[in-house]
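First the structure, in the form of structure tokens, and then the observations on it.
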Amino acid sequence: YAALGIPEYWVIDIRGKRAIAFRLQDNGKYQEITTSVALNGLPIVLLELTLEQLEKTNNFNAAFWFSQQIVNLQNP
């Protein structure tokens, strides 16, 4: 990814309900981050919470829950 200049990438572990994001640093190495730069400050933990929602409800409701969290981030 670094050779292609990809600034950020995520690893999603569905079974483990874990999301890990990495950001390309000036030294050409990736470092784990807790907030996405590519998605305008999205907290990575929100992805993990959405994976938990998927266990409790259907895809539509989990997607709706996620969208409401995004709205809340934009309008604190």
Estimated D of the chain in µm² per second, where Rh is the Kirkwood radius over Cα pairs and Stokes-Einstein applies at 20 °C, 1.002 mPa s: 159 µm²/s
Using a Gaussian network model on the chain with a 10 Å cutoff between Cα atoms, which of Asn27, Asn40, Asn58 fluctuates the most? Asn27
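Only Cα pairs under 8 Å and at least 6 apart count here; give the relative contact order of the chain as a rounded whole percent. Intermediate values should be presented prior to the final figure.
On the way: 83 pairs, mean separation 15.8, N = 76.
This gives 21 percent for the chain.
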Under 5 Å, built H, 5+ apart or other chain: amide partners of Ala2: none
First select every other residue whose beta carbon is under 13 angstrom from the beta carbon of Gly16; then total the charges, Lys and Arg +1, Asp and Glu -1. -1
By how many degrees, between 0 and 90 and to the nearest 10, does the Cα long axis of helix 59-74 differ from the longest principal axis of the chain? 60 degrees
Taking the Cα atoms only, what angle lies between the long axis of helix 44-56 and the longest principal axis of the chain, rounded to 10 degrees? 30 degrees
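Where a number appears in this text, it was derived from the coordinates with a stated rule and is not lab data. Given the structure is predicted, the values throughout are model-derived calculations rather than measurements. Every residue, glycine among them, receives a Cβ derived from its backbone with ideal geometry; neighbour counts consider all protein chains shown.
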